[in-house]
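Here the structure comes first, spelled out in structure tokens, and everything after it is commentary.
No lab work stands behind these numbers, since they all come straight from the coordinates. In this text, all values refer to a predicted model and were calculated from it rather than measured experimentally. Reconstructed Cβ throughout: ideal geometry from the backbone, glycine too, with neighbour counts over all protein chains shown.
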Amino acid sequence: MTRFLAAAFIIASAGASAHAGDAVSAKQRPAYCRGEVAEQFGAKPAYVKTGEPATAADGTTSISGSVDLGHHGTKQIQCRFAADGTFVDVIDTTEGEE
């Protein structure tokens, strides 16, 4: 069981190893996004679902997804990365938010 938990922790934190301002590889961006969303919303990374990265003509990348907050509902989110691969931010895109 301990090995399973250790492996789950490594997988969950794989994308969160970059420091602010460091480029995140294209392959690691979905995992990094899940880690950032989990931290921002106080959820476990397992409760964050992400779609495929979308790269714009200017080289920026966005990843849409959702985070299940239990009795607080589900939030729609979007992670943004600059053209150089640095993480920019997480946006709550849930419709009806004020």
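Some observations on this one:
- Cα→Cβ-extended label distance, 7 Å offset, between THR94 and ALA56, nm: 2.5
- The reciprocal of the average 1/r between distinct C-alpha atoms defines the Kirkwood hydrodynamic radius, which for region 58-97 equals 11.0 Å.
- Positive minus negative residues near TYR47 (Lys, Arg vs Asp, Glu; Cβ under 14 Å): +1
- Close amide H partners of ILE77, meaning residues 5 or more places away or on another chain with modelled amide H under 5 Å apart, are GLY65, SER66, VAL67, THR93.
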